[in-house]
Structures are given as C-alpha cells and as structure tokens.
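Enquirer: Quick one: the structure is below, and I'll ask about it shortly.
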Amino acid sequence: MRNERDSIDLIWNVAELAGLFEKKSTLEGFLTDVVKLIAAHMQSDVCSIYLYDSFRDSLVLRASHGLDLPHDKQVELRVGEGITGHSFAELRPICEADAPSSRYFKIVPGLNEEEFRSFLAVPIRRGPNRIGIMVLQHRQPDHFTQTDTRAMQAIASQLATTLENAEMLMQLRHVAPAPERHYETSTLSVVRGQSVSEGFAEGRSVLIEDRAVQISVADDRAAGEEEDLASLAHALEATHKQLEMLQREIEHDLSDVASMIFTAHLLMLKDHEFVASIEKLIHAGSGPQAAVRSVVHRYVELLSGSANARSQEKAQDLMDLEHRVLRNLQGTVDEGGDYTGQVVLATDIYPSELVRIVAQNAEGLVIAEGGVTAHISILARSLGLPVVLCKEARVFELRDNTPIILDAFQGNLYVDPDDEARKQLQVMRDSVQSESEDGRPMPEHGLTKDGTSIKVMANINLVFDVKLAERNKAEGIGLYRSEFPFIVRSSFPTEDEQYHIYRKILSSMPQSETILRTLDIGGDKMMTQPGLPERNPFLGFRGIRFSLANIDIFKEQLRAMLRAAADCHVQILLPMISSVDEFSRSREVLTDCLAELELEHVPHCETPDLGIMVELPSAVECIDELAGRADFLSIGTNDLVMYMLAVDRTNERVGGMHKHYHPAVLKALARTAQAVASQPEKLSICGEMAADIRMLPFLVGIGIRKVSVEPRLIAKIKFALAEISLDYARRSALELLSLRDIDEVEKYLGIEPGQV
C-alpha cells in the first residue's frame, strides 16, 4: 500500500517551484519535469498537463509522462469533451475509479488511454480565470483518494501563475509585424502637471510603450552573422540572470505583490520559438536589435488586439522584456537595475508594471491624464516612487535619454534643465528635506493638549508599508487594503498565498489592533478581468457585492485571514456595505468558514470581530441598526464624500466639488459617531479627511477616538492633536454643524476660495 504522505509532501511553496523552473532552459523542459515529479510522488502511471487556448476555446496537451504521444499532431480537446474537458468546463475535480466505464470517457486515437482505469482531473485556475487542467491516470482501478485530490488542488494553485503565463505563449503565432512609429523631439522647458506621489526625481527619459522605435535598423548590423548571433545569445543569457536575481531580491519586501512577477519574462526567454524567430531574422540579414524589436512587436500586436484584458497586460510584460534585452545588446544595463538613472514616461501603466519599474530602480514616473487610478497613486506612494500626472501630449513624444527633473511636490516637470534650474530645484529639495526632519521627537501616542487619547493608526497597502508604520510609531493598523495583491498580480492569490501575506501583517505588530479589509475592487480600483467594462463602475459591481457574488473567492480570503490570526485577534472589515442584509449575509459566510476550519482541525482565530465600512449614504441612514449588529465601524471618508455629493474626484470638471467639509458630510459623520457614543472605541475614520489637520478638532469634537492615515503622516497628526483641547474640539464641532453652506464652513476653517 502506497504512502499517502507522499502526496502531501508534494505541495511545494513558491520558492521551490521557482527553483524547479530555473533548472530548465525551455518551457517544455520545465513542464516535462513537473509531470515527471508529480507522477513519481503520486505513484501514478500517467501525469499530463493541458493548457487552455482561449483563441481556439480548447485544451491543448502540453506535457505528459506515461502516455504515447503522437509525433505528427497536437492533442487537443474541446471544452466539455471527455472527462478532462468536462472537469475543466465545470471547474471541479473529477475522480473516476474506473474511467473507461464513465459516461464522460472519450478515446483519443493514439494515446492508448483505455488501458488506464483510475482517472483524476483537477482544473488549474486563478479565481475565475481558467488556465488549464492536470490529469493523473493509473492502470489499477480506484487508485486515487480524497487526499490525492486535495494535494493536486494545492499543487495546481502553486503552478497557476507560471502556467497562466505559459498560456500566453500559445497565442503568439503567425502575426504580421506591427507598423513602425516614429516620434519627433519637441522643445519643452517647464511643464505644469499634478502631483500623484510626492518626491523629487532626476534622470533620462524612457517611454515604456514603444521603447525600441528609435533604434536605427541601418546602423544595427555592425558585425557579421556569427558575431550578431553570439551577441544575441550573450544578451539573452545576461537578461535571464538579471531577472532571476531581481525576482529573488524583491521576494522579501514585496512578496505580497511581486511574487513571481517576472515569470512571463523568463518564460519568453525559455520559449524556443521566440528565440528561434529572432535568430531566423538575423540569418536573413537583420541586426540583433532590429530582430528583437520585430519579433516582440509582432507578438505585442496580437496580445494588444485581444479582447482578453489579461492578454493585453501580457503585452506590457513583453515590452518590458524587450527593453532589457535591447539595453543588454547595447551594453547599457546598470548593475543597480534596468531603469537606474531613468524617468519613465507612460500614457498608461498597469499596477504590475509599476511594481516592476520600481523593482528595477526607476527614478520617477510621468503618466498621462487618464492613466492614473486610485490603485496606481496609492501604490506609488507606498513604494516611494515620485509620480506626476501630465496633460501635455508632447512630453510623450520626447526622444529617449532626454534629461528630466521631476518636482512631484509641486507637480512640475523640467525638460533638459539648465544649470540655474538645477540649482533652484536643489534648494527646493533641501527645503522639503528640512521640513520633514524638524528635530522634534516622535510622540509615542496620540494625545490632545489635555491628555485625551486619540489612537493614530496606519493605513497599510503592502507588507512593505509595515516597517514605515513601525518607524513612525503607529498605534496599530487601522486599515489594511487587501486588494493590492489581487490588483497588482491581475489574478487571484490562493488561500495559502493570502495566508502568508496576512500572517506577515498580523505578526508585525502583535500587541496592537489590526483591521484587515476584505477585497474592495471596482470603481477606479479595477482588476484586468475578462468581460465587458461596466458603464459606471463606481455604481456597479464593487466591494462586498463582488465578494457575495463570488462566494468561493470570499471564503478563501476569510479562511486565510482567520488562519493567519490563529494565535492573535483579528478584526475583519467589510467594504461598501449598503444594508443590514449584506452584513447579515457576510456574517453567515464568516460563520461557515469558522465551522469548516473547526471541522478540518485547522488552527484559526475563533472569535474574530466583523465590522463595516461606512461609506454609503444608505449605511448612514440605517447606522443605528448596523452599529447594533457590527462589532466595529470604520468611516471611509473618500468614498462617503463621493457618494454623498455625487462627485468623482478624478473627474477634472467636477473634482473641485469633492469637499469633505461639506455640511451634509459633517452631519453624516456626527450621526455615525452618535450611533456609538457609548462605545467610542468601536469607531475609527480613514481617508483624506482623517489626515486633514484643519478637520481634527471637528473629528475629536464629535467623538472620534481613532484615526488611520498613511504612515508618513502619523507624526504630523500626533503633533497637531497635541495643540487641541477637548473643550475646544467640542465647541468647534458644534459651530461647524450649525453652519448651513460651504462658504461659511470654508471661512470658519480659513480655507481660501479655490484652495484644496
């Protein structure tokens, strides 16, 4: 009798999988090793991997151990065809004790599958995205157990990221080269923009959309064919080593959003057809740089034209790879990273690409109007990347290597600045530095002038933010935005991957309060998911609506949070709650998760708190009922203001109307605070309003005793609180609540007309 522990031992972690991946120089070699290893551990006669071809809507056999594969044709199954296709269509494992007698069984000529009796098919997916399927077969009947099924599901989760990128390679075939585009150099000096993420940056420009268009094809072929092929091989090898080193370096600090983020790049380098296509052009007379550009752009055109949003994002991966290979061919890659000394220009950028350019030491980013979304700005601030939004189209026509200085405090861009401009900017930089280091010791706690305790907590977007929160003496984590590992990867982290992320967050400040918010995608925090874009995403399928419509994804997240808090307490926050019904349904799902973990004997937090984010007018209207049922409340001022005033702050025409001191907003906040007046510890507030020191007296005066802000703002809030007495705060709140129009509020707060 076989040892079922072998199947459990096969559940690798990401690092072990990456090690297996690095051993092979081709994708086919990697997949062959995977199926051999699984077959050996599972004591299975056959292990096969099929990948889903979304263009053909079929499953293609990409690797198998134990089957006699035909050499003259590709094995392909329609979705729903055979046991394999049926399992994939329903996205559920199918285990057959005697496969030939199954009504789903289908004989594929030449494979001789009828001699194998036991059959286990397990789909490979990331959230709702279908990637492929793994199949085990054995000659003996009734060979596979429930333990085997669970083990294969865990293995499929670990392989999902790599195989999702492998799926991309199936699409990159026989596409005409993209037409060449040429940019003209424009004469610019100072360009006014808008700050997205503060900081200063200096470097030479690089446009990331069409980074290679300025390479001279005529000048590229400087050596003979053999020398060019050798140069290409050297550049590809150097690129491979650099990417593997980068991946290892970022795993520690950015593992939650950068795990295997360079997988698509490495897969392309391992793809024989990709490399052979470049070599073929060199044999035909092209220089190596022109050949790389031609092949990459041929592939990019196919992916960019796909209706699949994930395929469109993979086009950006290819352009990033092209940039690195070309710079290696030119011998210009700095040891510090591909974008060292460069300011990136982009008309649009994906979150995953933002993480990649930061990992590769970009100095700063200039992005076009329309390319900035909430998650891009939040992510850039967390990663410390200076970013300026620029409306001037000519900026994105600059030639590469144009000297640029970014003042992302004022939102200005200086193109090819002279010595005098550089001196003035250095003075400004020194001034900002001295303001941020005023010499005062950091207060341990938030206290008013008369000693009233106001907890100043940190908003956390990445595990990376925790260190900054600790340095600034945050009194807990008031909001962890859990969507960033989902948004940046453009996929769904598995339960185990999420568990490790939440574990790092919870263990970082074990003695302090920690609030984990469940997935909040939608509005301007969108994932690249298949399907049509919503006409009005702010009023559409976002927040808790998404979670309750995708119970499997919701339960995986809740289970991961509960498991991560096995030895501590956790507060779970629900976004976009509009009614008591939504909260009750969410509570039921949480109760189911607790029961499952108890039944499975998995250590977990048995008494979590479940709270709601107050950010909808409907929640304010039924706040007494919600406050009575929820364990705690958190006011999300950014969205509450948007929905109360019907103003999208990213819309230039109405963005100036997004005022968190609007009388209606002030009354809604006071009403919410009153609902928990006897238990003020149940209420916290976050968003831009929480960081506005002009509003602190009002917030304290209505009874707010917890504020959560970006880590870098904690000191400012603590110092401001020390200047406020409780008596003054209460009087200030009463006066503001008595005012009837915005002009009166602005006059009271000392806000000049047009001032933000």
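Enquirer: Residues of region 462-489 being more than 16 Å from Arg712 (Cβ to Cβ) and among the β-branched types (Val, Ile, Thr), which ones?
Expert: Val463, Ile487, Val488 - these are the residues of region 462-489 that are more than 16 Å from Arg712 (Cβ to Cβ) and among the β-branched types (Val, Ile, Thr).
Enquirer: Just a yes or no: is a residue in region 444-457 part of a strand (DSSP E or B) and farther than 27 Å from Gly701 by Cβ?
Expert: No, that holds for no residue.
Enquirer: Sticking with this structure for a sec: Sort out which residues of region 603-630 are exposed (fewer than 14 other Cβ atoms within 10 Å of the Cβ) and within 15 Å of Val570 (Cβ to Cβ), and write them in order of number.
Expert: Passing the criteria: Pro603, Glu606, Thr607.
Enquirer: Would you please name the residue that is modelled with the lowest pLDDT, looking only at residues in region 631-658 that are surrounded by fewer than 21 Cβ atoms within 10 Å (Cβ to Cβ) and within 22 Å of Leu516 (Cβ to Cβ)?
Expert: Asn638
Enquirer: Can you tell which of Gly384, Gly341 is touching a strand residue (DSSP E or B) at 6+ places or on another chain (Cβ under 6 Å) and either modelled with pLDDT of 80 or more or hydrophobic (A, V, I, L, M, F, W, C) (or both)?
Expert: From the options Gly384, Gly341, the qualifying one is Gly341.
Enquirer: Which numbered condition in (1) without any contact (Cβ under 8 Å) to a residue 24 or more places away in the chain; (2) part of a helix (DSSP H, G or I) is the only one that Ser586 fails?
Expert: Every condition holds for Ser586 apart from (1).
Enquirer: Now a separate question. List every residue pair whose Cβ atoms lie under 6 Å apart, where the two residues are 6 or more positions apart in sequence or sit on different chains, the first residue falls within region 660-671 and is free of Cβ contacts under 8 Å to residues at least 60 places away in the same chain, and the second residue, located anywhere, is of a type in the set (S, T, N, Q).
Expert: What qualifies is His660/Thr637.
Enquirer: Next question. Is at least one residue of region 676-691 under 13 Å from Leu645 (Cβ atoms) and touching a Lys or Arg at 6+ places or on another chain (Cβ under 7 Å)?
Expert: There is no residue in region 676-691 that is under 13 Å from Leu645 (Cβ atoms) and touching a Lys or Arg at 6+ places or on another chain (Cβ under 7 Å).
Enquirer: Quick check on region 554-564. Is at least one of its residues surrounded by fewer than 16 Cβ atoms within 10 Å (Cβ to Cβ) and either in contact (Cβ under 8 Å) with a residue 24 or more places away in the chain or assigned to a loop (DSSP other than H, G, I, E, B) (or both)?
Expert: Checking region 554-564: not a single residue is surrounded by fewer than 16 Cβ atoms within 10 Å (Cβ to Cβ) and either in contact (Cβ under 8 Å) with a residue 24 or more places away in the chain or assigned to a loop (DSSP other than H, G, I, E, B) (or both).
Enquirer: Among Leu666, Leu721, Leu734, which is at pLDDT 95 or above and either touching a strand residue (DSSP E or B) at 6+ places or on another chain (Cβ under 7 Å) or among the acidic types (Asp, Glu) (or both)?
Expert: Selected residue: Leu721, the only one of Leu666, Leu721, Leu734 that is at pLDDT 95 or above and either touching a strand residue (DSSP E or B) at 6+ places or on another chain (Cβ under 7 Å) or among the acidic types (Asp, Glu) (or both).
Enquirer: Residues in region 264-277: is at least one at pLDDT 80 or above, small (Gly, Ala, Ser), crowded, with 18+ Cβ neighbours inside 10 Å and on the phi < 0 side of the Ramachandran plot?
Expert: The answer is yes, given that some residue of region 264-277 is at pLDDT 80 or above, small (Gly, Ala, Ser), crowded, with 18+ Cβ neighbours inside 10 Å and on the phi < 0 side of the Ramachandran plot.
Enquirer: Additional query: Take the residues in region 64-103 that are of a type in the set (Ser, Thr, Tyr) and surrounded by 14 or more Cβ atoms within 10 Å (Cβ to Cβ); name whichever of them is farthest from Leu37 (Cα to Cα).
Expert: Filtering first and then ranking leaves Ser102.
The rows are residues; the columns are (1) in contact with a strand residue (DSSP E or B) (Cβ under 6 Å, 6 or more places away or on another chain); (2) closer than 21 Å to Glu495 by Cβ; (3) among the basic types (Lys, Arg).
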{"residue": "Leu91", "(1), (2), (3)": "yes, yes, no"}
{"residue": "Ala97", "(1), (2), (3)": "no, no, no"}
{"residue": "Pro100", "(1), (2), (3)": "no, no, no"}
{"residue": "Phe119", "(1), (2), (3)": "yes, no, no"}
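Enquirer: Among the residues of region 513-538, how many are within 18 Å of Glu615 (Cβ to Cβ), modelled with pLDDT under 60 and among the aliphatic types (A, V, I, L, M)?
Expert: 1
Enquirer: I've got another one for you. Which one is modelled with the lowest pLDDT, of the residues in region 400-423 that are outside any strand (DSSP E or B) and under 13 Å from Gln342 (Cβ atoms)?
Expert: Asp400
Enquirer: Then there is this: Return a yes/no flag: does region 92-99 have any residue that is assigned to a loop (DSSP other than H, G, I, E, B), of a type in the set (A, V, I, L, M) and modelled with pLDDT of 90 or more.
Expert: Yes; the residues of region 92-99 include at least one that is assigned to a loop (DSSP other than H, G, I, E, B), of a type in the set (A, V, I, L, M) and modelled with pLDDT of 90 or more.
Condition check ((1) among the acidic types (Asp, Glu); (2) in contact with a Ser or Thr (Cβ under 7 Å, 6 or more places away or on another chain)) across all residues:
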position	(1), (2)
Leu590	no, no
Glu598	yes, no
Glu606	yes, no
Ser618	no, yes
Leu626	no, no
Ile635	no, yes
Lys682	no, no
Cys686	no, yes
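Enquirer: For the list (1) outside any helix (DSSP H, G or I); (2) over 23 Å from the mean Cα position of the chain (by Cα), I need the number of the one condition that Ile572 fails.
Expert: Here Ile572 meets the rest and fails (2).
Enquirer: Can you find even one residue in region 65-81 that is within 30 Å of the chain's Cα centre (by Cα), at pLDDT 90 or above and either outside any strand (DSSP E or B) or not charged (D, E, K, R) (or both)?
Expert: Checked region 65-81: no residue is within 30 Å of the chain's Cα centre (by Cα), at pLDDT 90 or above and either outside any strand (DSSP E or B) or not charged (D, E, K, R) (or both).
Enquirer: Which residue is modelled with the highest pLDDT, if the candidates are limited to region 424-443 and must be surrounded by fewer than 11 Cβ atoms within 10 Å (Cβ to Cβ) and in a loop (DSSP other than H, G, I, E, B)?
Expert: Filtering first and then ranking leaves Pro441.
Enquirer: Taking only region 296-317 into account, find how many residues are in a helix (DSSP H, G or I) and either at pLDDT 80 or above or more than 19 Å from the chain's Cα centre (by Cα) (or both).
Expert: 9
Enquirer: Restricting the first residue to region 38-57 and requiring it to be closer than 18 Å to Arg139 by Cα, which pairs with a second residue that is small (Gly, Ala, Ser) and in a helix (DSSP H, G or I) meet a Cβ separation below 8 Å and a spacing of at least six or different chains?
Expert: Filtered contacts from region 38-57: His41/Ser7; Met42/Ser7; Met42/Ala151; Asp45/Ala39; Val46/Ala39; Cys47/Ala39.
Enquirer: Kindly list the number of the only condition in (1) surrounded by fewer than 20 Cβ atoms within 10 Å (Cβ to Cβ); (2) within 20 Å of the chain's Cα centre (by Cα); (3) outside any helix (DSSP H, G or I) that fails for Asp496.
Expert: (3)
Enquirer: Another question, then. Confirm whether Thr607 is of a type in the set (Ser, Thr, Tyr), over 26 Å from Lys659 (Cα atoms) and assigned to a loop (DSSP other than H, G, I, E, B).
Expert: yes
Enquirer: From the list Ser618, Ser634, exactly one residue is among the hydroxyl-bearing types (Ser, Thr, Tyr) and touching a residue at least 60 places away in the same chain (Cβ under 8 Å). Which is it?
Expert: Being among the hydroxyl-bearing types (Ser, Thr, Tyr) and touching a residue at least 60 places away in the same chain (Cβ under 8 Å) holds for just one of Ser618, Ser634, which is Ser634.
Enquirer: Within region 686-699, is even one residue charged (D, E, K, R), under 26 Å from the mean Cα position of the chain (by Cα), surrounded by fewer than 17 Cβ atoms within 10 Å (Cβ to Cβ) and in a helix (DSSP H, G or I)?
Expert: Yes, the conditions are met somewhere in region 686-699.
Enquirer: Can you pull out the residues in region 100-117 that are part of a helix (DSSP H, G or I) and either out of contact with any helix residue (DSSP H, G or I) (no Cβ under 7 Å at 6 or more places or on another chain) or at pLDDT 90 or above (or both)?
Expert: The answer is Pro100, Ser101, Glu113, Glu115.
The values are calculated or read from the model by the stated rules, or taken from the named source; none is laboratory data. Every value quoted in this text rests on a predicted model; they were computed, and no experiment measured them. In this analysis, Cβ positions are derived from the backbone assuming ideal geometry, glycine residues included, and neighbour counts consider all displayed protein chains.
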